[in-house]
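Reading through the structure tokens given below for one structure.
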Protein chains: 2
Amino acid sequence: MDIKIYLSEKQKVVEDALEKLMIQAVGPFENHIQAMRYSLFVGGKRIRPILCLAAGAAVAKSANTENNLLPVACALECIHTYSLIHDDLPAMDNDDLRRGKPTNHTLFGEAGAILAGDSLLTWAFELLSSPNIGTLTPEQRLMIIHIIARAAGPHGMVGGQALDIASENTRFPFETLQTIHKNKTGVLITCSVQAGAIGAGADREQTEKLITFGNNIGLAFQIVDDLLNVTSTTEQLGKAAGSDAELGKATYPAYFGIEKTRTLAKEAIERANDALTGFNQNADPLRAIAEYVYTRSH
Amino acid sequence: MDIKIYLSEKQKVVEDALEKLMIQAVGPFENHIQAMRYSLFVGGKRIRPILCLAAGAAVAKSANTENNLLPVACALECIHTYSLIHDDLPAMDNDDLRRGKPTNHTLFGEAGAILAGDSLLTWAFELLSSPNIGTLTPEQRLMIIHIIARAAGPHGMVGGQALDIASENTRFPFETLQTIHKNKTGVLITCSVQAGAIGAGADREQTEKLITFGNNIGLAFQIVDDLLNVTSTTEQLGKAAGSDAELGKATYPAYFGIEKTRTLAKEAIERANDALTGFNQNADPLRAIAEYVYTRSH
């Protein structure tokens with residue numbers, strides 16, 4: 001399969017669904033909803049929602065699986081987007097550029113950006129619990145809400161971000177870097193895969209294999225992001241290159257150098273692929289995404 | 001019934017449940033969880049969780065209703081607490097004091113406070129969807145998650161806060177003040193009552209009456225808060241008195257003067273009580289809370 005065609009097709013599926021589900025900017029809260037929409041539609045690879053759909057496809061029992069999973073996929077993208085808005089704030093990483101465009105707070109002010117993030121996070125749970133969309137069972141929905149909330153909260157993404165901020169300009173052991181990476185990025189990626197599996201009715205063995213796949217893709221993804229921050233230009237990245245070093249952040253290249261870091265990414269991708277042994281060709285999109293994550297590092 | 005004894009008993013019930021459910025501050029995210037715990041346990045009337053329990057008690061069919069509702073009540077308090085942490089930020093209302101104590105960001109920094117709020121919000125949904133607590137049906141839980149997410153998000157509390165910030169130092173019609181009040185404060189109070197009703201298995205007619213009760217209590221609550229901001233000292237309030245006027249915020253007293261504002265609060269309380277006609281003595285706690293909200297204005 002051609003991964004670029006697959007990704008751009010699924011990007012469009014996700015963006016069309018977001019556009020259909022997303023609140024329109026009318027009424028008394030128009031400016032606020034515009035701020036939410038700006039970051040949601042400013043671009044992005046949509047990797048988390050696509051992983052959710054691809055994991056669902058890998059175990060799908062019904063032709064409706066993708067449609068059923070779309071609100072879940074959209075909720076994941078909303079949560080990812082909120083996390084970027086808050087990460088970019090002056091009080092956090094203080095970034096002016098994201099995806100080659102002005103960050104939310106440079107356009108809507110700090111208060112506006114904080115609130116846009118708050119609303120995207122909250123709206124994700126509104127979407128996941130909405131009685132009007134999708135045909136997942138109440139039990140599937142509750143389980144999906146639970147794993148997403150856990151992955152996004154104090155023991156997951158926000159915890160990781162808090163530790164990342166607290167660790168700037170300090171020396172800390174490699175284990176701390178792993179904890180930061182795993183929580184700040186890895187858990188939401190794993191949970192995207194897992195949510196797709198649950199929504200598609202995967203059995204326990206399939207789910208466990210897909211979680212292993214997700215853990216390793218998440219790790220590879222973050223290692224490659226670290227690499228790109230060192231090896232790319234600001235233009236290529238769409239955000240400030242070298243910003244990690246400037247903020248005194250520990251990264252894989254800082255610990256291991258560029259070549260060894262690339263090897264570590266490759267090993268994680270291999271473990272991800274190994275987890276898919278036993279899955280048929282319906283898992284090819286997942287395999288292609290794994291390959292794609294690795295090729296980004298070159 | 002003695003409302004003060006009732007409130008202090010239920011406060012303790014809620015705080016004990018929060019303490020039991022709340023994550024302990026150990027492990028790599030210790031500082032972050034300490035920041036969450038600080039604001040959650042720094043005090044507060046616990047009015048939203050108590051309204052949830054009291055609404056449940058008004059229609060309870062089982063002796064277990066209160067226990068079933070406690071995780072819901074705790075989630076409501078987490079969401080309220082997160083909203084206070086973000087409202088107090090320098091980019092928002094820039095308050096140093098809350099409940100007579102330093103605000104979150106003065107102790108944990110801006111980044112720390114933003115993240116503590118993010119985590120409390122996310123953790124509320126983790127709690128609401130947890131498979132290990134309470135015995136509500138999956139359908140009840142999903143409905144409760146949905147109404148809470150809706151009340152707390154872009155069409156509710158955060159939307160109201162965004163409009164409040166955007167309207168500072170501008171002249172706007174009374175209808176805008178009503179929209180701000182209703183969304184910033186009212187909807188979460190109504191939804192606390194409604195969540196209690198759903199969790200206790202209220203029928204449609206009971207639920208509608210309780211929603212009317214909630215709407216009017218929410219309105220009275222905000223009117224009284226406006227009044228207290230004008231008529232109290234900083235010491236009495238535990239936060240900066242007169243801060244509304246200083247920030248150029250529109251308030252009920254600014255539109256109507258103090259006496260007329262008090263009358264409007266009284267009328268809202270009367271409508272709240274009227275909505276409870278037909279409920280038996282199990283609704284007495286709700287009636288007493290209504291009375292209590294009004295007496296705070298003197």
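Where a number appears in this text, it was derived from the coordinates with a stated rule and is not lab data. What you see is a predicted model, and the numbers here were worked out from it, not measured in a lab. Every residue, glycine as well, gets a Cβ built from its backbone with ideal geometry; the counts of neighbours run over all protein chains shown.
Key figures for this structure:
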read-out: Environment charge of A:ASN273, counting only residues whose C-beta is closer than 15 Å and scoring Lys/Arg +1, Asp/Glu -1; value: -1
read-out: The stretch B:3-295: C-alpha gyration tensor shape, a/c 1.5 cut-off, then a/b vs b/c; value: oblate
read-out: Those trypsin sites (Lys or Arg not before Pro) in the stretch A:133-235 that DSSP places in a loop and that have at most 14 other beta carbons within 10 Å; value: A:ARG171
read-out: Residue of B:THR207, B:THR263, B:THR106 that the Gaussian network model of chain B assigns the largest fluctuation, springs spanning Cα pairs under 10 Å; value: B:THR263
read-out: Relative contact order [Cα under 8 Å, 6+ residues apart], the stretch B:3-295, whole percent; value: 22 percent
read-out: Residue-averaged [θ]222 nm for the protein assembly as shown, counting only DSSP H segments that reach four residues, each worth -39500 (n - 2.57); value: -23500 deg cm²/dmol
read-out: Dipole of chain B [Lys/Arg +1, Asp/Glu -1 at C-beta], most positive-end residue of B:ALA166, B:ALA268, B:ILE114; value: B:ALA268
read-out: Under 5 Å, built H, 5+ apart or other chain: amide partners of A:LEU97; value: A:THR103, A:ALA240
read-out: Net charge over other residues, Cβ less than 11 angstrom from the Cβ of A:GLU139 (K, R count +1; D, E count -1); value: +1
read-out: Residue-count net charge about B:SER39 - beta-carbon cut-off 10 Å; Lys, Arg +1, Asp, Glu -1; value: +3
